[in-house]
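Trainee: Input: one structure, supplied below.
The values are calculated or read from the model by the stated rules, or taken from the named source; none is laboratory data. All figures in this text were calculated on a predicted structure; none of them were measured in a lab. Backbone-built Cβ (ideal geometry, glycine too); neighbour counts: all protein chains shown. The accessibility values were calculated without ligands, DNA or RNA, using every heavy atom of the protein model including side chains. Shrake-Rupley method; radii C 1.70, N 1.55, O 1.52, S 1.80 Å.
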Amino acid sequence: MASRQVVQQRNAEEVAAPAANNPKRMAAERKNRRALGDIGNIVPVNGVGCAKPIPRISRPVTRSFGAQLLANAKAAQSQTNKNSMEANAAVPEKRAVARRLTQKIASIKPKPEEIIEVSPDSNEVAEKEKIVCEEIELKKKAPTLTSTLTARSKAMFVLQAAACGLSDKRKEKIIDIDAEDVGNDLAVVEYVDEIYKFYKSVENEGRAHDYMDSKPEINERMRAILIDWLIQVHYKFELSLETLYLTINILDRFLASKDNISRRELQLVGMSAMLIASKYEEIWAPQVNDLVCISDRAYTNEQVLVMEKRILGQLEWNLTVPTPYVFLVRFIKASMTGSDVENMVYFLAELGMINYETIVYCPSMIAASAVYAARCTLNKAPLWNETLKMHTGFSEPQLIDCAKMLVAFHSMAGDQKLKGTYRKYSSSERGGVALLPPAKSLLVD
């Protein structure tokens, strides 16, 4: 700052000499001074007889202003000297502190290291420690209960498939049909395989066997008429499919019992069986009076209730049984097809229930044969695959006889007098599957 002001004073003295001889020129220069000059306060002037640049300052340098600038410069210089002296004075002190710390660290004696003797059994100890570490890692990586149960179920079915003679190549083709339902609690993916394995093990205990020869007052035709009527009643009341299949199961099991049923009581047995199934499966079961009215008041309310009690006593209240519907739901899912196959499967299954000939087959066989016959009817390729074989437990040759029977019922459905099921599945609501031609490949002898 001081050097700059000295330069400015020197330049001012050089300019003041020529300008003193011309007062007019001095007045003009004062008026034309710019408020701010460049960094060096030097502005070129094209005056007469002036070839050198004339210095310009932003403010006139007075004696008081120059003295102030000089004082500021001296103060800044003294502050700089003071800081450097303090820094130099702090160096010895820091060195002394560092010296004391070094002496203190050197005075601390290190603790003697513990010497561990390796005994002859050190290898065993190391192995035990390794085993413990591995167990801890395994516990950390332990699978959840859900994954364990799922893996166990899949392993059991793979073993079952291997027992049926499946090769390793075929196992790779099996599709996990429950993969999309892992997050659905109602699908019980963890237990579904065990549930259906249990159903297959007890299905013969919960079904009726051939009983028509022991019932002199009723025959197969009368049974078919009753079931066709029950299908129409079920459709009119808009009940669930579980109710229909359980109704027919209760009817057949009671007719197969030792109770002698007259021809006059047959419809009453059917009505009471539907009432029991509705109470078991439906949220809002039909009233007794509704069943009496739909039967054209052939029976009274008291008769229906008495027969209901009679049936339950004969069956020992055992209503939780695997019906064909239980297997149909699972096998249709394993088929992985559209609604057309689903409607065709239910159509063929209901035709099988109407006809007494299918009573010789177990519920799972009827359900699997209905799926196979439906795929043949709609030309779904392949007709049978490894996924269906694993979940149904039946191979294609095992289903041929029952499937041919169901396809024969389909071919005669339009010409029969009992057309309740035929009309039901001829509607657009059911895809009109009853109107489709039956599978020709299964009709050939």
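Trainee: Using a simple spin-label model with points 7 Å from Cα along the Cα→Cβ vector, what separation in nm is obtained for Ala76 and Glu282?
Mentor: 10.4 nm
Trainee: In addition: What ranking, highest mean first, results for peptides 352-364, 227-239 when packing means the other Cβ atoms within 10 Å averaged over each residue?
Mentor: The peptides rank, most packed first, as 352-364, 227-239.
Trainee: Sticking with this structure for a sec: Taking a 30 Å limit on the Cα-Cα distance, which of the listed pairs Lys309/Lys424; Lys197/Lys279; Lys215/Lys309; Lys236/Lys309 fall beyond it?
Mentor: Lys309/Lys424
Trainee: PRE reach from Glu357 (point 7 Å along Cα→Cβ): which of region 192-220 fall under 12 Å by backbone N?
Mentor: none
Trainee: Ignoring ligands, DNA and RNA, please state the percent of accessible area on region 179-254 from carbon and sulfur, probe 1.4 Å.
Mentor: So the carbon and sulfur contribution to the accessible surface is 52 percent.
Trainee: Find how many whole Å separate the alpha carbon centroid of region 193-247 from the alpha carbon centroid of region 364-442.
Mentor: When both Cα centres are located, 18 Å separates them.
Trainee: Something else now. Could you calculate the contour length gain from Arg263 to Ser214, that is, 0.36 nm times the residue separation minus the distance between their Cα atoms, to one decimal place in nm?
Mentor: 16.3 nm
Trainee: Can I ask one more? How much length would be gained if the chain were fully extended between Glu205 and Ile175, taking 0.36 nm per residue of separation minus their Cα-Cα distance, in nm to one decimal?
Mentor: Contour length minus the Cα-Cα distance gives 7.7 nm.
Trainee: Which of the three applies to region 287-326, rounded, prolate or oblate, going by the alpha-carbon gyration tensor with a ≥ b ≥ c and a/c under 1.5 meaning rounded?
Mentor: Since a/c reaches 1.5 but b/c is at least a/b, the shape of region 287-326 is classed as oblate.
Trainee: Let me ask something else. Within 10 Å, count the other beta carbons around each residue, average over each peptide in 179-185, 339-345, 190-196, and list them highest first.
Mentor: Packing proxy ranking, top to bottom: 339-345, 190-196, 179-185.
Trainee: Does region 197-314 come out rounded, prolate or oblate by the C-alpha gyration tensor, with a ≥ b ≥ c the root eigenvalues, rounded set by a/c under 1.5 and, if not, prolate when a/b is larger than b/c and oblate if not?
Mentor: Oblate shape, in that a/c is at least 1.5 and b/c is the bigger or equal ratio.
Trainee: Right, next: Could you report region 201-244's accessible area per residue, 1.4 Å probe, as an integer in Å²?
Mentor: On a per-residue basis, 52 Å².
Trainee: Shifting gears a bit: Taking the mean number of other Cβ atoms within 10 Å as a proxy for protection, how do you rank 417-425, 274-282, 67-75 from highest to lowest?
Mentor: Listed from highest to lowest mean packing, they are 274-282, 417-425, 67-75.
Trainee: Can you pull the one-decimal nm distance between simple spin-label points at Leu241 and Glu316, each 7 Å off the Cα toward Cβ?
Mentor: With each label placed 7 Å out from Cα toward Cβ, I get 3.1 nm.
Trainee: Checking the a/c ratio against 1.5 first, then a/b against b/c, what shape does the Cα gyration tensor give for region 344-392?
Mentor: oblate
Trainee: Subtracting the Cα-Cα distance from 0.36 nm times the residue separation, let me have the gained length for Asp401 to Asn289 in nm, one decimal.
Mentor: 36.1 nm
Trainee: Could I ask something else about it? Could you give me the ³J(HN,Hα) list for region 226-236, computed from phi with Karplus coefficients 6.51, -1.76, 1.60 and θ = phi - 60°, whole Hz, x at Gly and Pro?
Mentor: Values, residue by residue: 5, 5, 4, 5, 5, 5, 5, 5, 4, 5, 5 Hz.
Trainee: So, taking all protein chains as they sit and a 1.4 Å probe, how much accessible area belongs to Val189, in Å² rounded to tens?
Mentor: Spelled out: Val189, probe radius 1.4 Å, area about 20 Å².
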